Amino acid sequence: MSKRDYYEVLGVQKNASEAEIKKAYRRLAMKYHPDRNTGDEAAVAEVSFKEAKLAYEVLSDAQKRAAYDQFGHAGVDGGMGGGAGFGGGGGANFSDIFGDVFGDIFGGGGGARGRGGRQQAYRGADLRYNLELSLEDAVAGTTVKIKVPTWVNCETCGGSGAKKGSSPKPCGTCHGAGQVRMQQGFFSVQQTCPTCQGKGTVIEDPCSACHGQGRVQETKTLSVKVPPGVDTGDRIRLGGEGEAGQNGGPPGDLYVQVVVREHPIFTRDDADLYCEMPISFTTAALGGETEVPTLDGKVSLKIPEGTQTGKVFRLRGKGVKPVRGGPEGDLLCRVVVETPVKLNAEQRRLIEELDRSLAGGGSKHSPHSHGWVDKVKGFFKDVGL
């Protein structure tokens, strides 16, 4: 009986890609595999499975596919030995070809080993350190020393984990591959080697300093240069100061996260500083001068007469120069007029006398309050109250 065209068997076009051929074979293999077909259907399924397998063996091999495209079955039958049996013939056996097709589902591959059986190097983990700063230090910049617990390469064994004078040996279970192949039903699954945990090597005589880990934990003291103008949330990167890598991999980085402590006087908004400045009732009414603190020292601020609570005075250039560049910010001082408290009898009498005197002047002494009273009267009139 003549053989069917291999492209027809897999249900693909003659210009199908390697991925399309593999996908088609996977579908047919799942459908016709003997383990999934029993009873009367088993014999028919086995024939279809063998046919699909043979078609895949030819079309997945670039050399055989070229010969098949040129000469048809005659171009490959000699090389295949005419065998189309399950796991037999001159081609690849079932476990090899099935593992190749389905290996990607289970993450098959080099694992912790690279090509040629070399151990794969892993970069060390990045670390984070929260650095608290005063507002003064954050604005001016400073240098601080920090202590960071981390993993570093063991100096005794040079990071190998093996006792000095010895070296790790290839794992006897996986023979250095880092993975083992497990047969589960008709699936061939690659798993991490349980003996070496994917490293591909075992340490028969571990280093006494690091107990075979190749790394030891220690506390490093580092000097951190904090640039002027940093703020909460800014990060300073110290390259290579993170955890040591594994199997000769590079170390990670250390990220210093800045946290600026709350200040008793100032609050910060980007490049500007804000503060509330209490002034006396008499200074607000008569005007005067008061001293205002800045991060550079004291400055004198002139308060005009009749200053009200909420008035904001801007001191230009007395803020923060941003760490990423740009002009210095400003200091904005919000005035809060302080009402006198705990008055004695004489002080109370004088204020009452002042109030009577002010009331005689009408709205000129308190235009805001009189304007507000007029608005309230108009509101009551509008709503009929």
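The values are calculated or read from the model by the stated rules, or taken from the named source; none is laboratory data. Please read these numbers as outputs of a predicted model, since none were measured by experiment. For neighbour counting, all protein chains shown are included, and Cβ atoms are generated from backbone atoms with ideal geometry for every residue, glycine included. Side chains are part of the model used for accessible areas, which takes the heavy atoms of the whole protein and leaves out ligands, DNA and RNA. Shrake-Rupley method; radii C 1.70, N 1.55, O 1.52, S 1.80 Å.
The table below lists the values:
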{"item": "Dimensionless Rg ratio for the stretch 133-236, taking C-alpha atoms and the 2.2 N^0.38 Å reference", "result": "1.78"}
{"item": "Over 14 Å [Cα-Cα, the stretch 269-327], rounded percent", "result": "60"}
{"item": "Inter-label distance for Ala285 and Tyr122, nm, one decimal - labels placed 7 Å from Cα along Cα-to-Cβ", "result": "7.6"}
{"item": "Sequence-distant lysines (8 or more away, or on other chains) whose Cα lies within less than 29 Å of Lys199", "result": "Lys163, Lys164, Lys169, Lys220"}
{"item": "Under 23 Å from the Cα of Lys14 - lysines, other chains or at least 8 residues apart", "result": "Lys3, Lys22, Lys23, Lys31, Lys50, Lys53, Lys64"}
{"item": "FRET efficiency, Ser357 to Arg314 (Cβ-Cβ, R0 45 Å, nearest 0.05)", "result": "0.85"}
{"item": "Dimensionless Rg over Rh [the stretch 213-361; C-alpha; Kirkwood]", "result": "1.29"}
{"item": "All lysines inside 24 Å of Lys302 as judged from Cα atoms, apart from same-chain residues fewer than 8 positions distant", "result": "Lys311, Lys318, Lys364"}
{"item": "Average accessible surface area per residue within the stretch 205-324, 1.4 Å rolling probe, Å²", "result": "58"}
{"item": "Two-site label geometry, Ala66 and His175: point separation in nm, points 7 Å out along Cα→Cβ", "result": "3.1"}
{"item": "Accessible carbon and sulfur surface of the stretch 211-330 relative to its total accessible area, %, 1.4 Å", "result": "47"}
{"item": "Global size of the stretch 25-68 as Cα Rg and Dmax, reported in angstrom", "result": "12.2, 39"}
{"item": "Difference of contour (0.36 nm per residue) and Cα-Cα distance, Glu8 to Met182", "result": "59.3 nm"}
